[in-house]
Amino acid sequence: MQGRKPNIVFLLSDQHTPSVTGCYGNETVRTPNIDRLAGEGVVFDGFYCNSPLCVPSRMSMMTGRYPWKIDVLNNGHTLDSRIPTFAHMAAGAGYRTALAGRMHFVGSDQRHGFQERVGGDYGLYAYHGGSPTNFAPLAVQGNPANGSQPAPLLYTGAGDTETIELDRRTNAAARDWLERYAREDGEHPFLLTVGYFSPHCPYIAPPEYYRRYEGIVRAPAFTDEDYARLHPIHKAYMERCGARTAPRENLDRAAAAYYGLVDYLDDLVGEVLATLDARGLLDNTIVIYSSDHGEMLGAHGRWHKDSFFEESARVPFIVRYPDRSLRRRVADPSSLVDLFPTLLDLCEAPGSGVQLDGASLVPLMQGASRDPAHVVRCEDYFLGCNRMVRQGNAKLCFYSEHDRRELYDLADDPGEIRNRIDDPDYASVRDMLAKALFADGWNADVLTDTEARLTAMGFFEMSKNTWQSTKLVQEGVLTEVPGYDTGMLDYRSVLA
């Protein structure tokens with residue numbers, strides 16, 4: 001072990017907003033294991049996803065490039081297998097690479113550079129054209145795991161779901177892989193990525209976790225006056241997902257369940273750390289914890305994601321390095337495209353040969369500061385062609401379907417209540433950020449252009465009909481990943 005490159009364990013959750021974590025200031029939620037990583041490592045306080053939606057965020061993170069540059073703008077888009085990922089890079093640097101659980105790959109390539117896949121993912125996203133309604137029994141109207149519809153706020157509380165069980169199986173597979181590695185491989189360093197579904201909706205937590213927060217955690221108050229001041233895009237999203245019509249008691253249960261799912265997730269993280277410790281691996285292992293995007297959790301009346309508000313666009317990012325001198329908090333804004341170049345540094349790997357949009361975080365971990373001109377960018381295409389840019393404490397949000405933009409001063413207004421877009425005192429900041437929106441070639445026609453390009457390649461002809469996917473599986477063109485569960489979610493314990 002002495003002198004060998006460090007191992008890396010990357011723990012990636014789904015839809016975890018930093019504010020529901022002890023080390024990010026929450027005094028109610030129980031997260032001792034994530035807090036341990038924070039206390040023994042570097043905590044990034046101003047860290048963002050590059051798209052507040054699962055697949056674009058994850059594929060951007062894996063490639064170190066913005067979603068529009070890799071043609072992955074929504075949850076139905078497939079990452080081109082010719083694009084290198086950090087898994088390819090680590091393998092090329094001599095690492096043994098493995099993926100346990102969720103990464104939300106779309107299409108027949110369910111590895112994208114990982115040499116091993118232990119424990120499967122969830123859902124028919126493995127195949128083009130999978131219908132999300134296939135996941136829920138007939139007693140449930142819609143899919144309680146899909147935040148673009150009302151179902152998640154209609155079925156909330158204590159219970160069990162297939163996604164909770166998926167995380168149990170994922171952790172068992174990851175720990176078993178570590179046990180086998182410790183017994184069999186003393187030569188190669190490893191990069192193990194463990195992907196969890198929690199705390200993504202359904203807002204249903206195991207009963208013992210839910211009851212810790214029932215009646216204690218409630219959804220934030222939201223008045224008609226609060227609704228009236230919202231930008232039209234937020235109102236449109238709220239109407240789409242039923243946030244204005246869901247019963248108040250449902251929202252309170254959803255908030256308590258979300259806290260319960262974070263608590264449950266933290267215990268899973270603790271199990272992985274315990275396995276590393278028991279096998280003598282922890283002292284030579286870098287542990288990274290993050291999430292693909294946040295969760296609105298009722299802030300500004302919104303739930304789920306697809307928002308540039310801090311609750312949705314910001315994510316936890318913690319790096320525990322074996323060198324105990326690397327303990328600090330970093331305020332400088334950064335984002336998930338920085339993970340790829342950071343891993344290049346940590347793995348002592350040669351360059352990827354592609355132009356990356358991020359920059360290594362290692363200097364920040366060692367105490368350096370960002371260039372004040374550094375810009376963080378985030379994209380979303382759910383209701384139009386939308387983009388956010390942050391420079392310093394100023395954040396500008398652009399929405400292609402609306403003339404009005406949003407401008408927030410996060411130092412003066414961390415709750416993002418006062419839109420400064422028409423404030424003359426912010427005119428110079430507004431103009432500077434307006435230029436940054438398009439400075440890298442992004443434009444408001446990116447979505448249309450991407451869909452035209454994908455259509456020309458036959459993508460939508462393949463994806464629009466579920467039966468085509470079934471036929472391709474039957475013919476052996478698409479292969480199911482071992483352990484990949486395409487079964488229905490089970491909400492019977494909630495409905496009973």
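The values are calculated or read from the model by the stated rules, or taken from the named source; none is laboratory data. Since the structure is predicted, the reported quantities are computational estimates derived from the model, not experimental observations. Reconstructed Cβ throughout: ideal geometry from the backbone, glycine too, with neighbour counts over all protein chains shown.
Failed condition for D412, given (1) surrounded by fewer than 19 Cβ atoms within 10 Å (Cβ to Cβ); (2) at pLDDT below 95, with all others met?
Of the numbered conditions (1) surrounded by fewer than 19 Cβ atoms within 10 Å (Cβ to Cβ); (2) at pLDDT below 95, the odd one out for D412 is (2).
Can you find even one residue in segment 53-67 that is of a type outside the set (V, I, T), more than 24 Å from A313 (Cβ to Cβ) and modelled with pLDDT of 95 or more?
No: zero hits.
Here is a list of conditions, (1) in a loop (DSSP other than H, G, I, E, B); (2) more than 20 Å from K69 (Cα to Cα), and L396 meets all of them except one; can you say which number that is?
Result: L396 passes all but (1).
So, of the residues in segment 48-87 that are among the hydroxyl-bearing types (S, T, Y) and within 20 Å of D121 (Cα to Cα), which turns out to be surrounded by the fewest Cβ atoms within 10 Å (Cβ to Cβ)?
Within segment 48-87, the first condition is being among the hydroxyl-bearing types (S, T, Y), and the residues that meet it are 48, 51, 57, 60, 63, 66, 78, 81, 85.
So of that shortlist, the ones also within 20 Å of D121 (Cα to Cα) come out as 57, 60, 63, 78, 81, 85.
Details: S57: 29, S60: 30, T63: 29, T78: 20, S81: 14, T85: 23.
So, considering only residues that are among the hydroxyl-bearing types (S, T, Y) and within 20 Å of D121 (Cα to Cα), the one surrounded by the fewest Cβ atoms within 10 Å (Cβ to Cβ) is S81.
Which residues, taken from segment 399-414, are out of contact with any His (no Cβ under 9 Å at 6 or more places or on another chain) and not in a strand (DSSP E or B)?
S400, E401, D403, L410, A411, D412, D413, P414
Results for (1) hydroxyl-bearing (S, T, Y); (2) under 24 Å from R58 (Cβ atoms), shown as yes or no for each residue.
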{"position": "K235", "(1), (2)": "no, no"}
{"position": "T275", "(1), (2)": "yes, no"}
{"position": "G294", "(1), (2)": "no, yes"}
{"position": "S307", "(1), (2)": "yes, yes"}
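All but one of (1) on the phi > 0 side of the Ramachandran plot; (2) in contact with a Pro (Cβ under 6 Å, 6 or more places away or on another chain) hold for G384; which doesn't?
(2)
Please go through segment 411-442 and pick out each residue that is of a type in the set (F, W, Y), more than 13 Å from N393 (Cβ to Cβ) and touching a residue at least 24 places away in the same chain (Cβ under 8 Å).
W442
Does segment 118-138 contain at least one residue that is over 30 Å from S307 (Cα atoms), at pLDDT below 90 and either aliphatic (A, V, I, L, M) or surrounded by fewer than 23 Cβ atoms within 10 Å (Cβ to Cβ) (or both)?
yes
Name the residues in segment 381-393 that are surrounded by 21 or more Cβ atoms within 10 Å (Cβ to Cβ) and assigned to a strand (DSSP E or B), would you?
Those that are surrounded by 21 or more Cβ atoms within 10 Å (Cβ to Cβ) and assigned to a strand (DSSP E or B): N386, R387, M388, V389, R390.
Residue by residue, here is whether (1) under 25 Å from the mean Cα position of the chain (by Cα); (2) among the aromatic types (F, W, Y); (3) closer than 29 Å to A38 by Cα holds:
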residue: K235; (1), (2), (3): yes, no, no
residue: G260; (1), (2), (3): yes, no, yes
residue: L281; (1), (2), (3): no, no, yes
residue: T285; (1), (2), (3): yes, no, yes
residue: G294; (1), (2), (3): yes, no, yes
residue: H300; (1), (2), (3): yes, no, yes
residue: S307; (1), (2), (3): yes, no, yes
residue: E311; (1), (2), (3): yes, no, yes
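Just one of G392, G441, G367, G353 is small (G, A, S) and within 30 Å of D226 (Cβ to Cβ); which is it?
Only one candidate passes the filter, namely G392.
If S291 satisfies all but one of (1) surrounded by fewer than 24 Cβ atoms within 10 Å (Cβ to Cβ); (2) under 18 Å from Y259 (Cβ atoms); (3) among the polar types (S, T, N, Q), what's the number of the condition it fails?
(1) is the only condition that S291 fails.
Among the strands (runs of 3 or more DSSP E) contained in segment 274-372, which hold 3 or more residues that are closer than 24 Å to T85 by Cα, touching a residue at least 24 places away in the same chain (Cβ under 8 Å) and in contact with a helix residue (DSSP H, G or I) (Cβ under 9 Å, 6 or more places away or on another chain)?
Per the criteria, 285-291, 317-320.
For segment 350-359, state whether one or more residues are surrounded by 15 or more Cβ atoms within 10 Å (Cβ to Cβ) and charged (D, E, K, R).
yes
Quickly run through segment 160-179 and pick out the residues that are at pLDDT 90 or above, out of contact with any Asp or Glu (no Cβ under 7 Å at 6 or more places or on another chain) and either among the polar types (S, T, N, Q) or part of a loop (DSSP other than H, G, I, E, B) (or both).
T170
Please state which of the following conditions G41 fails to meet, knowing it meets all the rest: (1) touching a helix residue (DSSP H, G or I) at 6+ places or on another chain (Cβ under 6 Å); (2) modelled with pLDDT of 95 or more; (3) more than 21 Å from H304 (Cα to Cα).
(1)
Cβ-Cβ under 7 Å, sequence separation 6+ or interchain: first residue in segment 156-178 and in contact (Cβ under 8 Å) with a residue 40 or more places away in the chain and within 25 Å of R218 (Cβ to Cβ), partner among the aromatic types (F, W, Y) and assigned to a helix (DSSP H, G or I). Which pairs?
Partner pairs satisfying both residue conditions: G157/Y210; A158/Y210.
Can you name the residue in segment 310-334 that is modelled with pLDDT under 95, surrounded by 15 or more Cβ atoms within 10 Å (Cβ to Cβ) and of a type outside the set (A, V, I, L, M) and, of all such residues, is nearest to G64 (Cα to Cα)?
Y321
Part of a loop (DSSP other than H, G, I, E, B), of a type in the set (A, V, I, L, M), farther than 30 Å from A90 by Cβ and touching a residue at least 12 places away in the same chain (Cβ under 8 Å) - does that describe any residue in segment 194-208?
So far as segment 194-208 goes, no, none of its residues is part of a loop (DSSP other than H, G, I, E, B), of a type in the set (A, V, I, L, M), farther than 30 Å from A90 by Cβ and touching a residue at least 12 places away in the same chain (Cβ under 8 Å).
Name the single residue that is nearest to C49 (Cα to Cα) among those in segment 73-107 being of a type in the set (F, W, Y) and modelled with pLDDT of 90 or more.
Out of the qualifying residues, it is F86.
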